[in-house]
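Read the structure below first, then the notes.
The values are calculated or read from the model by the stated rules, or taken from the named source; none is laboratory data. This is a predicted model, so every value here is computed, not measured. Note that we place each Cβ from the backbone using ideal geometry, even for glycine, and neighbour counts take in every protein chain shown. For the accessible areas, the whole protein counts, side chains as well, though only heavy atoms, and no ligand, DNA or RNA atoms are used. Shrake-Rupley method; radii C 1.70, N 1.55, O 1.52, S 1.80 Å.
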Amino acid sequence: MCKEFVKRSLHDPESADFESSKTYPVTEEAGGIFTVEVSVRARNAFNAMRNTIVSCKAKREESGWTLLNLENLNNEK
């Protein structure tokens, strides 16, 4: 589900090329909260392809998934 949350946050979601989800680091917390580091290559606002790593924190609930936080881990200046 984190891939979908990340895709929705991109400037050009249709250009998204995700690495295999089998390579994503995942941590689980109590209460059904998961943090996943998603790697994606996608076009930015300048039409350049960029590699990005995004930390996605989401909670699984009876009604589905709730996004708690998205954070870009590239820290580019």
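Checking each residue of segment 25-41 against the condition of being touching a Ser or Thr at 6+ places or on another chain (Cβ under 8 Å) and small (G, A, S) gives at least one match.
For T35, the test of being at pLDDT 95 or above, open to solvent by less than 40 Å² (accessible area, probe 1.4 Å) and out of contact with any Leu (no Cβ under 7 Å at 6 or more places or on another chain) is passed. A count restricted to segment 46-77 and to residues that are open to solvent by 80 Å² or more (accessible area, probe 1.4 Å), closer than 19 Å to S20 by Cβ and either aliphatic (A, V, I, L, M) or touching a Leu at 6+ places or on another chain (Cβ under 7 Å) (or both) stands at 0.
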